[in-house]
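Below: the structure, in structure tokens.
Read the figures in this text as sums done on the coordinates, not as results from a lab. Everything quoted here is computed from the prediction, not taken from an experiment. Here the Cβ is made from the backbone with ideal geometry for all residues, glycine too, and neighbour counts use every protein chain on show.
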């Protein structure tokens with residue numbers, strides 16, 4: 001495993017049992033509650049135990065400090081770049097866990113205050129109830145650093161209206177709390193000053209009854225009115241441009257729209273797109289398009305293959321160059337290889353999508369009697385060490 005920096009005795013995930021309510025707090029506020037291997041293991045342990053516990057009815061998850069979760073621990077991936085498959089275990093456990101979060105048997109509420117990005121948002125979007133505020137910031141920016149939209153988002157984004165999913169995945173565009181509700185990625189908008197009171201109200205309910213939980217949240221929530229300049233009001237342009245067959249055609253179409261009156265907003269988005277990893281963009285577009293035809297388990301298995309092949313630098317080292325430029329040297333000047341879209345061969349992109357041998361895929365148990373089987377410990381990855 002890649003080494004992660006954890007302060008001794010620091011509890012990175014807090015789990016509290018309050019009669020019929022269970023409260024999870026992501027507790028790495030200084031690191032914006034990024035997801036490390038320890039975080040994934042603790043989340044899985046709590047969720048499995050509480051799903052099987054008849055007394056547990058309502059699960060609430062929140063983040064400590066000013067973030068919900070900023071996503072995966074990029075430094076952990078970077079530090080493991082020279083050790084073969086150093087992050088395989090945490091990747092496997094995370095995608096396996098994503099399936100269980102999507103299909104969880106108890107009522108879940110995410111209280112999402114602040115940053116909720118990438119893999120961190122996978123602890124928000126699938127929940128029965130996800131509450132956001134005016135300070136919530138969402139994005140899936142992985143393609144820009146040579147990675148791909150993962151943790152179930154190749155499935156989630158592909159099922160958004162029109163071609164909004166391609167737009168969010170390729171551009172890493174940010175959505176605020178109101179936009180998340182309007183897009184269907186969150187269920188309720190609650191002003192941030194009311195969030196502590198809502199949490200107390202949910203705990204006092206002491207019940208997982210969905211109607212009761214919904215009514216309690218609605219006591220605090222307000223109706224969403226999109227700002228006039230919201231990107232969600234640009235749906236016709238997004239659908240026109242991001243429906244194109246290739247990244248190059250999407251950019252060309254977007255450039256044509258940028259020249260029209262009233263489309264000044266496109267300039268900054270285009271600039272970001274053109275600075276992103278060409279390899280990451282091509283992999284991401286194909287993954288989102290595949291997601292439309294896939295089940296959630298199929299999407300997660302695909303994402304696992306993509307992640308492992310990308311981390312193995314099987315066709316490019318862009319992900320490590322992207323992390324270096326963003327978080328290590330912070331020069332924001334990545335040197336992509338290959339440097340342009342036309343140099344990223346489709347045959348090479350095909351390679352990262354190739355299925356693994358069946359027992360090396362993420363073993364997602366879809367039968368009820370074996371729901372929590374398929375753990376990393378029972379895979380050839382663990383037993384061959």
A correct Kirkwood calculation over the Cα atoms of segment 63-125 returns a hydrodynamic radius in Å of 13.1 Å
If the label point sits 7 Å along Cα→Cβ of residue 368, residues of segment 15-58 with amide N under 19 Å come out as 48-57
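Estimate the FRET efficiency between residue 235 and residue 54 by the formula 1/(1 + (r/R0)^6), using the beta-carbon distance for r and 45 Å for R0, to the nearest 0.05. Before the final figure, lay out each step's value.
On the way: r = 45 Å, r/R0 = 1.00.
E between residue 235 and residue 54, to the nearest 0.05, is 0.50.
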Here Rg/Rh (Cα, Kirkwood) for segment 13-383 equals 0.96
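When the chain is fully extended, how far beyond the present Cα-Cα distance does residue 45 get from residue 289, taking 0.36 nm per residue of separation? All intermediate terms of the calculation are to be shown ahead of the outcome.
On the way: separation 244, 0.36 × 244 = 87.84 nm, distance 3.30 nm.
That pair, residue 45 and residue 289, stretches by 84.5 nm at full extension.
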Summing -39500 (n - 2.57) over every DSSP H run of at least 4 in the chain, dividing by its residue total and rounding to the nearest 500, the 222 nm mean residue ellipticity is -12000 deg cm²/dmol
Taking alpha-carbon centroids only, segment 218-279 lies from segment 312-385 a number of Å equal to 27 Å
Counting only DSSP beta bridges with both partners in the chain, the antiparallel fraction in percent, to the nearest 5, comes to 25 percent
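Shape of segment 202-259 from its Cα gyration tensor (a ≥ b ≥ c, root eigenvalues): rounded if a/c is under 1.5, otherwise prolate when a/b > b/c, or oblate?
Details: a/c = 5.87, a/b = 2.87, b/c = 2.05.
The shape class here is prolate.
Taking square-rooted eigenvalues a ≥ b ≥ c of the alpha carbon gyration tensor, is segment 240-320 rounded, prolate or oblate, where a/c under 1.5 means rounded and, failing that, a/b exceeding b/c means prolate? Intermediate results must be reported in sequence, preceding the final value.
Working: a/c = 3.16, a/b = 1.70, b/c = 1.85.
Cα axes put segment 240-320 in the oblate bin.
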Once normalised by the length of segment 13-383, the mean sequence separation of its alpha carbon contacts under 8 Å that are 6 or more apart gives a contact order in percent of 18 percent
With the 8 Å Cα cutoff and a minimum separation of six or more residues, segment 280-385 has a relative contact order in percent of 25 percent
